[in-house]
1. So what is the diffusion coefficient of region 109-197 in µm² per second by Stokes-Einstein at 10 °C and 1.306 mPa s, using a Kirkwood Rh over Cα pairs?
2. Going by a ≥ b ≥ c, the root eigenvalues of the Cα gyration tensor, does region 29-91 fall in the rounded group (a/c under 1.5), the prolate group (a/b larger than b/c) or the oblate group?
3. Wrap a convex hull around the Cα atoms of the chain, take a quarter of its surface area, and give that in square nanometres.
4. Nearest 500 deg cm²/dmol is fine: what mean residue ellipticity at 222 nm does the chain get from its DSSP H runs of n ≥ 4 alone, each adding -39,500 (n - 2.57), divided by its residue count?
5. Looking only at region 155-179, which residues have a backbone nitrogen under 15 Å from a spot 7 Å from the Cα of D120 in the C-beta direction?
6. Relative contact order of region 57-213, please, whole-number percent, based on alpha carbon pairs below 8 angstrom and at least 6 residues apart.
Amino acid sequence: MSRNGETGRWRWPGWIERLTFASGPDVMGLLVAQGEVSVKALVAFESWSTSADIERAREVGELEHAADDARHRLVAALRSSLATPIGQEDLFVLSERCDRVVNRVKNIVAEAEVLAWTPDGHAAHMAVALRAGMTSVLDGVRCLTSRGDGTAEAAREATHCVRTVEHEYRDSMAALQSVADLRTVFTAREMYRFYARAAEALETLADRLWYAVLSEP
């Protein structure tokens, strides 16, 4: 085992790392698989937000369960891994934060049903940006072990998508000033806030993707 002069980290010789990664669980593949299911959930959420289609709402719930299963497989693999291509903590946290975004959008669908709220144009625009942001995160995860700039660029793009949601959220709240019906105002305000909270979860995911880039030697 040798010490990396730039980072101060202890590293196994390259041949040992290659042998360990080849014989252990494909944790990066499992993280990508979770990301792919997460993107599908955000695609269904975008479709529901633009159409209010009940079938898309059901699909969001089903994909949230599938994303949970994908996360559980990754966590189980981490427990049996002697070494991983990137830090185990990075893998675990990226997985947890992907899960958090999917949970947030699933909760939006559930709250809309309870409040009998139909997504509008503001919601649709925010959902488009959320889906685009999660897609960027998946692109970044796929590049994590390449030591290139792809992951950093993907993290920047995901953060840009968060800013798009924030801008649309402010516009949506301003538009409510001209609505007279108080029930409509209250319901829409709560739902818009749920979208903003999903964007907050996406931002913490993008931030961790940045950290995963910086923490690698």
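1. So the translational diffusion coefficient is about 111 µm²/s.
2. prolate
3. So the mean shadow area of the Cα hull is 12.4 nm².
4. Mean residue ellipticity at 222 nm (helix-derived): -28000 deg cm²/dmol.
5. Counting only backbone N, you get 168-179.
6. 32
The numbers here are math on the coordinates, done by the rules we state, and not lab data. Treat the numbers as computed from the prediction; the structure is a model and nothing was measured. Using ideal geometry, Cβ is built from the backbone for each residue, glycine included, and neighbour counts are taken over all protein chains shown.
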